[in-house]
Amino acid sequence: MFGQSSVLIQDAVEKKMIQYKISGSWNQYGKTQFLDADGQYFGKCMTIDIKSKVDSTVWIYIINGLMLMCEDTATQDMIITKPIYVELEPKRSKTIQLYAMCSEIHDGMPSSQTSYTLGKMADNNLVSITKAIDEMFMQNVVGQGAVWAFTDNATEEEIRKYGATDASIEMTIQILNRAGVSTQLNPSSTTHTDSTFVHADFPVKNVIPERNVISIDAYIFYSTCGIILLLLGSTIFLVIRKRKNIDDKNTLP
């Protein structure tokens, strides 16, 4: 779609095609948050200002799993959890909010006052987790728990302190299983292959497993076929009976 005009943001910086500034989206002084979720460290919790330095339009690609490193070591480093293309016109600037999550459970939260720089790609296991978060639309405490389970070896007790519940922990384990990553939350994990994940904000109750849906659909199909055959048989019988009655009348003396 974007052809040769798209470029990774890291490459764009290295080639001096752009200038950028990254900070948190939370304004800790005005108490104003510009988030689509309910957290300061997940959802659209990071903001990037990008300025073009070239004479042509370029698509900047910010990849899932890219680390954002805070200049303040007491504040959380962040990880991108949803990839995005940004169209940047020649010599123009654009401000974009980014989906990201915290990678350090015990450090401070980002705000509009904290500065970040682009880091390297995360560990392969962590990238698998962030991809699963994006695929399952879990840009919330569910996904954040999965990140912390890997980066901080967090226990259930630790993530419950940050809002996790029984329902969210179950879905956090689904993310980890889908990513094929073992943690304290899912020590015997194998790669999860079924497609029963919930594409909605938690909590979600009474989710019907896919195999049950298939069996219900099959039952409806065969029942419908049986009814159609019964009606067809009855119709044929009535037609034959009516024709026989007509023939009998025609043969009467």
- Exactly one condition in (1) open to solvent by less than 20 Å² (accessible area, probe 1.4 Å); (2) in contact with a Gly (Cβ under 7 Å, 6 or more places away or on another chain); (3) closer than 18 Å to LYS82 by Cβ is not met by SER128; state its number. (1)
- Query: In segment 59-80, what residues are over 14 Å from ILE96 (Cβ atoms) and crowded, with 18+ Cβ neighbours inside 10 Å?
  - Reply: ASN64, GLY65, MET67, CYS70, THR75, GLN76, ASP77, MET78, ILE79
- Task: Considering only residues that are charged (D, E, K, R) and part of a strand (DSSP E or B), look in segment 65-106 and name the one that is farthest from MET46 (Cα to Cα).
- Result: GLU87
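Taking into account only those residues within segment 107-117 that are touching a residue at least 40 places away in the same chain (Cβ under 8 Å) and not in a strand (DSSP E or B), which is farthest from ILE22 (Cα to Cα)?
That would be MET109.
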- Message: For the condition modelled with pLDDT of 95 or more and within 29 Å of GLU157 (Cβ to Cβ), what is the one hit in ILE9, ILE80?
- Response: ILE80
- Query: When segment 146-162 is examined, which residues are found to be crowded, with 24+ Cβ neighbours inside 10 Å and of a type in the set (S, T, N, Q)?
  - Reply: none
- Are there any pairs with C-beta distances below 7 angstrom linking a residue in segment 118-139 that is touching a residue at least 12 places away in the same chain (Cβ under 8 Å) and in a helix (DSSP H, G or I) to a residue that is among the hydroxyl-bearing types (Ser, Thr, Tyr) and buried (at least 18 other Cβ atoms within 10 Å of the Cβ), with the two at least 6 apart or on different chains, and if so which? LEU126/THR151; THR130/THR81; ILE133/THR81; ASP134/THR81
- Note on the structure: Inside segment 82-107, the number of residues satisfying the requirement of being small (Gly, Ala, Ser) and surrounded by fewer than 16 Cβ atoms within 10 Å (Cβ to Cβ) is 1
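The values are calculated or read from the model by the stated rules, or taken from the named source; none is laboratory data. Model, not experiment: these values are computed from the prediction. Backbone-built Cβ (ideal geometry, glycine too); neighbour counts: all protein chains shown. Areas reflect the complete protein model, heavy atoms only, side chains present, ligands, DNA and RNA absent. Shrake-Rupley method; radii C 1.70, N 1.55, O 1.52, S 1.80 Å.
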